[in-house]
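A quick write-up on the structure given underneath.
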Amino acid sequence: MDTRRALLDALADGPVSGPALADDLGVSRAAVWKAVEGLRDSGFAVESTAAGYVAPDDPGYCGPGIEFGLDAPYAVEYHDSLPSTNDRARELAADGADGVAVAADEQTGGRGRLDREWIAPSGGVWVSLVTRPDAPAARAPLFTLAAAVAAVDACRAVGVDAHIKWPNDVLVGGRDGDAGDSAAATGRGGRKLAGILTEMEGEADRVSWLVVGVGVNANVDTEALPPDATSLAAEAERNVSRQRVATTLLDRFHALAGTSDRMDRVLPAWRERASTLGRRVRVDTAGGPVVGTAVDVEPPGALVIETEEGTRRVHAGDCEHLRDADR
Ligand code: BT5
């Protein structure tokens, strides 16, 4: 482990004596001092007190600020602005990175699925995680579902009751009886808070790298967003801790998908948070629309729909929640 990360971990447990830490790690005092300065330069304002170094009360939304609250073994690379955190993560992946999360305050060329645009002004949580899972490519959709679960839990951690629309939209409102929805928002299953873009490279039998990009509209003005999108700040009526959102997101993802033996927890966790199951839906697939009642999700992420012609399984497509009268 590097000195900087060891210092961050030690700061989580209380004041840190520089000389004692240098002894523990077997590094020079100058190396510890350099690590302290490095954290300060990155926006994590380590204080010097009589008892030793102390972490700031508010770690802030910066690389070390996110790492400070993180249980998952990920390093965080933070940028004020990037075209797309997924693009930067792909560069790191091509250089062999594993377990690195790229975060940016704003993206100027954010991407959705199918080359759609993702609007990502300053104030959001725009994060892309590079991992090298020991899994066949066919299981990749499970990682997207795990990211949707993690994103829902991150929104709930700051008090916003999010849910998932198959396969990977994180929404708020739009369920029967939810107050304050426009008809359009209800048709779409709710107001969109977050989206996920998974990209990977590998052979059929093994993923080489996986980049899971998650965009959460955290402290973003809804005027900047498409109609029927919303933000955590708008829903909570106050700014939320982006550090809390990002650390919950990464920790929950790691807990569900960090090692392949845990992946059997993904679908049950997804079902618990989904608003699509039990609903009448229309999924526009490459082979045409499929209309019916969504009854389950099956490995690695297919939606099972009971239609008038029998049971259909769809693997990809845009899903609309229908009101019972719509056919
Ligand atoms: C998604 O695509 O929902 C995936 C979005 C992934 C964004 C993250 S941010 C970090 C990482 N870096 C990137 O460059 N991307 C990832 P899709 O299901 O195709 O939805 C895209 C559609 O959502 C657009 O066509 C708009 O209608 C709408 N949209 C765009 N920006 C939005 C926003 N900020 N909030 C809600 N909806 C938005």
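The values are calculated or read from the model by the stated rules, or taken from the named source; none is laboratory data. The structure presented is a predicted model; accordingly, all values stated were derived computationally and were not measured. Counting neighbours? That spans all protein chains shown, and the Cβs are built from the backbone with ideal geometry, glycine included. The area values use the complete protein model at the heavy-atom level, side chains included, leaving out ligands, DNA and RNA. Shrake-Rupley method; radii C 1.70, N 1.55, O 1.52, S 1.80 Å.
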Open item on the list: Given (1) surrounded by 14 or more Cβ atoms within 10 Å (Cβ to Cβ); (2) modelled with pLDDT under 95; (3) under 18 Å from the mean Cα position of the chain (by Cα), identify the lone condition not met by P73.
Closed with: (1)
Open item on the list: I'm told T230 meets every condition in (1) closer than 23 Å to V102 by Cβ; (2) under 17 Å from the mean Cα position of the chain (by Cα) except one. Can you identify the failing condition by its number?
Closed with: (1)
- [ ] Hey, could you check the stretch 125-150 for residues that are over 19 Å from V100 (Cβ atoms) and touching a helix residue (DSSP H, G or I) at 6+ places or on another chain (Cβ under 6 Å) and say which is surrounded by the most Cβ atoms within 10 Å (Cβ to Cβ)?
- [x] L145
Task: Contacts under 6 angstrom Cβ, first residue in the stretch 114-131 being of a type in the set (F, W, Y), partner within 6 Å of the ligand (Cβ to nearest atom), 6 or more apart - done: W118/G110; W118/R111; W118/G112; W118/G215; W126/T85; W126/Q107; W126/A120; W126/G215
TODO: Report yes if some residue within the stretch 286-307 is assigned by TED's automatic domain parsing to the domain that holds S128, open to solvent by 40 Å² or more (accessible area, probe 1.4 Å) and under 24 Å from F143 (Cβ atoms); otherwise report no.
DONE: no
Task: Options R206, R265: the member that is free of Cβ contacts under 8 Å to residues at least 40 places away in the same chain and surrounded by fewer than 19 Cβ atoms within 10 Å (Cβ to Cβ) - done: R265
TODO: Return only the number of the condition from (1) modelled with pLDDT under 95; (2) open to solvent by less than 50 Å² (accessible area, probe 1.4 Å) that D318 does not satisfy.
DONE: (2)
Task: Tally of residues being near the ligand (Cβ under 9 Å from one of its atoms), in a loop (DSSP other than H, G, I, E, B) and at pLDDT 95 or above across the stretch 227-242 - done: 2
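Kindly establish whether E117 is over 19 Å from S42 (Cβ atoms), more than 10 Å from the ligand (Cβ to nearest atom) and of a type in the set (D, E).
No.
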